[in-house]
Amino acid sequence: MSEKQHISGAGSGRSGNDSLMPGPEARKRLRRWRRIKDMSAKGFVATAGVGVIISLATIFVYLFSEVTPLFTGADMEEPVQYEMPGFDQAETLYLVTERYNAVSARFTSDGQVIFFSPESGEVVKTVMLDIPLGVEVTSFATGEPRSGFAAFGLSDGTALVVKHEYEISYPDDQRQVSPKVSFPLGEEPIRVAEERMPVRNIAVQDGRRGVGLVTETTDGTLTYARYEGERHFMTGELELTRSIHRLPTPEFEISRMLVDITLRNLVIGDTEGNLHYYNIHRPEQARLVDSVSVVEGVEGGVTELEYLLGTVSIIVGGADGSLTQWFLVRDDENQRRLTEIRSFDSHPGAITHIFPEHARKGFMVADDAGHVGLHYATSARTLKIEKKSDKPINRVSLSPRNNAYLFTDSPDTLSFGRMSNPHPEISFNALWNRVWYEGRDRPEYVWQSSSATDEFEPKFSFVPLSVGTLKAAFYAMLFAMPLAIMGAIYSAYFMTPKLRGVVKPTIEVMEALPTVILGFLAGLWMAPFVENHLPAVFSILILMPFLMLLMAVFWTRIMPAELRDKVPPGWEVVILIPVVLFVGWVSVQSSPWIELALFDGDMRQWFTNQGIAYDQRNALVVGMAMGFAVIPTIFSIAEDAIFNVPKHLTQGSLALGATPWQTMVGVVLLTASPGIFSAVMIGFGRAVGETMIVLMATGNSPVVNFNIFEGMRTLSANIAVEMGEAARGGSHYRILFLAALVLFMATFVLNTIAEIIRQRLRRKYSSL
């Protein structure tokens with residue numbers, strides 16, 4: 001009976017357990033729900049991963065689309081040809097167009113200025129200059145295109161200076177351009193030669209100190225006249241003051257003359273292929289300073305000579321089709337000499353005319369083989385050379401906005417065409433190689449995108465920005481890596497869990513501190529503090545490691561065992577806190593005494609005397625501030641990698657007799673090396689892309705050096721500083737996008753290489 005009851009009870013117990021288990025349908029529903037959750041999670045992760053890839057690809061495509069126009073070439077549409085406006089058998093001396101391409105002007109050899117529509121050739125206005133009867137035009141010259149100045153040299157030893165101008169009005173909301181001719185030096189021709197000798201060559205310039213006029217008569221007399229005008233405050237009449245000087249007689253046949261806007265330099269080209277430089281700053285002491293050969297072995301020599309915008313660079317065209325750029329450079333004796341800067345692709349025929357751009361360092365060239373070429377000085381680019389005629393092209397002209405051109409290849413026809421040349425100043429050479437900029441003694445790497453002057457030559461070298469980016473990241477990593485990695489090693493392997501539970505979250509919370517706050521503190525507090533306590537900074541760097549080692553020796557060798565035993569294992573780091581505070585306090589307090597004893601009271605001045613530049617906001621400050629921002633990233637990832645090393649590896653090493661330190665070096669670090677390497681590379685990427693700290697804690701000076709006491713400008717900070725002032729769609733705007741693309745690609749390549757190395761390290765040490 002009891003046995004049956006026992007069996008019955010056992011059976012009833014099993015029935016009770018079976019009743020608690022889910023039935024087949026319930027298990028089926030659970031498995032289905034589990035599959036749904038697995039598939040959802042897998043789909044979400046996959047979608048997020050693909051989304052990241054798509055986002056990166058979209059960023060790349062957008063940056064690339066903004067950058068691509070920089071490297072497109074120039075385009076010149078086929079011109080429309082029509083009858084020469086106001087054609088009267090007179091030679092066309094000069095063609096020019098106003099900025100809206102509504103009105104062009106033609107200067108002729110019979111003393112006319114004919115204004116016409118460049119689209120159709122319809123004459124708008126004709127101005128007949130007051131040239132005396134029986135007097136002929138024997139020479140002609142223009143000043144810088146934006147000045148509008150032109151000068152006619154006459155056969156009676158006089159000259160007439162005119163200026164073409166355009167008044168803009170908007171009647172009925174329609175733009176109307178009204179051309180006119182003014183006479184800066186008066187409507188009557190002015191005498192420039194003592195004898196009534198024809199003016200064979202002439203040069204004119206509207207300078208900063210008046211109007212300069214240089215003439216050469218047929219007897220070889222070279223004369224320089226300077227006119228300074230002042231309007232009477234009562235009558236409004238223009239009162240001119242003239243000073244005229246005779247220059248040394250040239251011993252060569254002049255082909256072309258130029259005077260710059262400072263009215264200090266006269267450059268002359270001759271028919272033998274030479275270039276001559278006269279210093280006319282003090283006209284009474286004017287002298288020939290330098291002569292150089294620019295076109296050798298070709299009959300005709302220098303056929304065309306023209307200043308670029310700003311009248312610093314001279315473009316020399318030769319009878320052999322050569323084009324070279326020259327300007328004055330100081331030599332070792334502080335003497336200014338004509339120096340060849342660069343050359344451009346030669347034209348098939350002799351150069352007949354050079355027309356500089358109104359607002360950039362580019363120029364258009366015509367030759368006697370019917371070709372028109374576009375060139376740019378700073379980037380050393382020949383953008384296009386196209387054959388536009390079967391006849392020699394005599395005159396060519398660019399519109400001020402560089403979107404149209406005019407040329408004439410015969411006395412009775414004129415050609416007009418549209419063109420596009422948006423970004424000629426960009427080339428690989430200008431971005432990454434040394435460039436010889438105007439006013440400098442040698443080729444250099446320079447970033448200087450804007451200036452206060454209209455004739456400024458933009459300098460777009462990426463080298464200072466790239467060096468600055470690497471410099472900031474290098475010193476930040478130099479500061480952050482030892483502290484973060486060593487701290488991670490101690491925290492993960494040696495520190496007691498209770499203390500680790502406080503230290504690790506505290507350091508990780510530091511990563512949430514806005515970098516703008518770090519930059520603000522670095523620029524306004526840390527930079528002046530470091531400057532005023534330089535000996536303290538170096539004292540801390542030297543004394544801190546030494547005293548920490550000394551404290552370790554004292555603790556392990558001298559401190560009584562009973563006192564050491566009172567500090568639990570893993571808490572030893574606490575005893576270093578007073579040491580760190582003491583060293584910092586002593587270093588700061590002793591800083592003035594060290595300066596007095598070793599650096600004559602001022603360590604910064606001592607650096608200057610030794611030839612070491614020191615800026616208040618420098619790489620040292622950036623390294624400490626940005627290193628402080630990078631430490632949490634490196635520490636957190638490296639600490640996790642070390643802490644997650646399997647315990648059986650460390651326990652096995654210790655069981656075999658290795659010390660904890662030997663285990664750390666021989667087992668833990670090797671196993672955790674992929675994670676530590678990832679931490680370093682992620683920290684480096686963070687340092688490379690950092691913006692606010694380097695923006696606020698450096699002088700933002702684009703220099704090319706690794707001097708820890710000088711500042712820098714990084715790619716990211718440069719984008720932040722200049723994007724707001726860049727005109728949308730302009731060269732500067734697109735170059736900033738190119739800088740972003742360079743930064744993006746550099747980070748991408750760096751991370752790819754880092755991932756490859758990490759995978760190799762992981763495979764190598766995965767067998768441990």
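Within the stretch 283-306, no residue satisfies the criterion of being under 16 Å from residue 353 (Cα atoms), surrounded by fewer than 17 Cβ atoms within 10 Å (Cβ to Cβ) and in contact with a Phe, Trp or Tyr (Cβ under 8 Å, 6 or more places away or on another chain). The single condition among (1) in a loop (DSSP other than H, G, I, E, B); (2) free of Cβ contacts under 8 Å to residues at least 40 places away in the same chain that residue 525 does not meet is (1). Scanning the stretch 146-179 for residues that are outside any strand (DSSP E or B) and either surrounded by 21 or more Cβ atoms within 10 Å (Cβ to Cβ) or among the hydrophobic types (A, V, I, L, M, F, W, C) (or both) yields a single hit, 157.
Taking residue 168, is it within 18 Å of residue 115 (Cβ to Cβ) and hydrophobic (A, V, I, L, M, F, W, C)?
On the way: within 18 Å of residue 115 (Cβ to Cβ): yes; hydrophobic (A, V, I, L, M, F, W, C): yes.
Against the criterion (within 18 Å of residue 115 (Cβ to Cβ) and hydrophobic (A, V, I, L, M, F, W, C)), residue 168 qualifies.
Taking residue 359 and the conditions (1) out of contact with any Ser or Thr (no Cβ under 7 Å at 6 or more places or on another chain); (2) farther than 23 Å from residue 70 by Cβ; (3) at pLDDT below 95, which numbered condition does it fall short on, given that it satisfies the others? It is condition (2) that residue 359 fails. From the list 82, 94, the lone residue that is assigned to a strand (DSSP E or B), surrounded by fewer than 21 Cβ atoms within 10 Å (Cβ to Cβ) and modelled with pLDDT of 95 or more is 94. A single member of 309, 263 is outside the structural domain of residue 333 (by TED's automatic domain parsing), outside any strand (DSSP E or B) and buried (at least 18 other Cβ atoms within 10 Å of the Cβ), and it is 263. Going by the conditions given, is residue 583 within 53 Å of the chain's Cα centre (by Cα), surrounded by 14 or more Cβ atoms within 10 Å (Cβ to Cβ) and at pLDDT 85 or above? Taking the combined requirement at face value, the residue satisfies it.
Candidates 567, 579: the one that is within 25 Å of residue 486 (Cα to Cα), assigned to a loop (DSSP other than H, G, I, E, B) and in contact with a helix residue (DSSP H, G or I) (Cβ under 9 Å, 6 or more places away or on another chain) is 567. When residue 378 is tested against (1) surrounded by 23 or more Cβ atoms within 10 Å (Cβ to Cβ); (2) out of contact with any helix residue (DSSP H, G or I) (no Cβ under 7 Å at 6 or more places or on another chain); (3) of a type outside the set (Lys, Arg), only condition (2) is not met. When the stretch 312-362 is filtered for residues that are within 27 Å of residue 450 (Cα to Cα) and out of contact with any strand residue (DSSP E or B) (no Cβ under 7 Å at 6 or more places or on another chain), the ones remaining, listed by number, are 358, 359, 360. Quick one: is residue 748 assigned to a helix (DSSP H, G or I), more than 19 Å from the chain's Cα centre (by Cα) and over 30 Å from residue 532 (Cα atoms)? For residue 748, the condition - assigned to a helix (DSSP H, G or I), more than 19 Å from the chain's Cα centre (by Cα) and over 30 Å from residue 532 (Cα atoms) - is met.
For residues that are within 40 Å of the chain's Cα centre (by Cα) and farther than 17 Å from residue 284 by Cα, scanning just the stretch 192-209, find the one that is modelled with the lowest pLDDT.
Across the stretch 192-209, the extreme among qualifying residues is 208.
Out of 629, 658, one residue alone is among the small types (Gly, Ala, Ser), surrounded by 14 or more Cβ atoms within 10 Å (Cβ to Cβ) and in contact (Cβ under 8 Å) with a residue 60 or more places away in the chain. It is 629. So is residue 193 assigned to a strand (DSSP E or B), of a type outside the set (Phe, Trp, Tyr), touching a residue at least 24 places away in the same chain (Cβ under 8 Å) and surrounded by 19 or more Cβ atoms within 10 Å (Cβ to Cβ) or not? The answer is no for residue 193. Scanning the stretch 590-604 for residues that are surrounded by 11 or more Cβ atoms within 10 Å (Cβ to Cβ) and part of a helix (DSSP H, G or I) gives 590, 591, 592, 594, 595, 596, 597, 598, 603, 604. In the stretch 605-626, is there at least one residue being under 30 Å from residue 762 (Cα atoms) and either modelled with pLDDT of 90 or more or in a helix (DSSP H, G or I) (or both)? Yes; the residues of the stretch 605-626 include at least one that is under 30 Å from residue 762 (Cα atoms) and either modelled with pLDDT of 90 or more or in a helix (DSSP H, G or I) (or both).
Every residue, every condition in (1) at pLDDT below 95; (2) surrounded by 15 or more Cβ atoms within 10 Å (Cβ to Cβ); (3) under 28 Å from residue 693 (Cα atoms); (4) of a type in the set (D, E, K, R), yes or no:
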site	(1), (2), (3), (4)
449	yes, yes, yes, no
453	yes, no, no, no
459	yes, yes, yes, yes
479	yes, yes, yes, no
486	yes, no, yes, no
492	yes, yes, no, no
502	yes, no, yes, no
507	yes, yes, yes, no
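Scan the stretch 49-71 and give yes if some residue there is assigned to a strand (DSSP E or B) and either among the basic types (Lys, Arg) or at pLDDT 90 or above (or both), otherwise no. No, every residue in the stretch 49-71 fails to be assigned to a strand (DSSP E or B) and either among the basic types (Lys, Arg) or at pLDDT 90 or above (or both). Whether a residue is out of contact with any strand residue (DSSP E or B) (no Cβ under 9 Å at 6 or more places or on another chain), of a type in the set (Val, Ile, Thr) and in contact (Cβ under 8 Å) with a residue 40 or more places away in the chain was assessed, and residue 719 does not pass this test.
Residue-by-condition table, conditions (1) closer than 20 Å to residue 205 by Cα; (2) at pLDDT 90 or above; (3) of a type in the set (D, E, K, R):
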| position | (1), (2), (3) |
| --- | --- |
| 264 | yes, yes, yes |
| 268 | yes, yes, no |
| 272 | no, no, yes |
| 277 | yes, yes, no |
| 284 | yes, no, yes |
| 290 | no, yes, yes |
| 293 | no, yes, no |
| 298 | no, no, no |
| 308 | yes, yes, no |
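Residues in the stretch 169-190 that are touching a residue at least 24 places away in the same chain (Cβ under 8 Å) and either in contact with a helix residue (DSSP H, G or I) (Cβ under 9 Å, 6 or more places away or on another chain) or not charged (D, E, K, R) (or both): 177, 179, 181, 184, 185, 186, 189, 190.
Restricting the stretch 711-742 to residues that are over 20 Å from residue 65 (Cα atoms) and buried (at least 21 other Cβ atoms within 10 Å of the Cβ) leaves a set whose member that is nearest to the chain's Cα centre (by Cα) is 718. For the stretch 531-564, filtered to residues that are outside any helix (DSSP H, G or I) and surrounded by 14 or more Cβ atoms within 10 Å (Cβ to Cβ), the residue that is modelled with the lowest pLDDT is 559.
Every listed requirement among (1) free of Cβ contacts under 8 Å to residues at least 40 places away in the same chain; (2) farther than 20 Å from residue 401 by Cβ; (3) buried (at least 16 other Cβ atoms within 10 Å of the Cβ) is met by residue 111 save one, (1).
The values are calculated or read from the model by the stated rules, or taken from the named source; none is laboratory data. In this text the structure is predicted, and so the values were computed from the model without any measurement. Please note: Cβ atoms are built from the backbone with ideal geometry, for glycine as well, and neighbour counts cover all protein chains shown.
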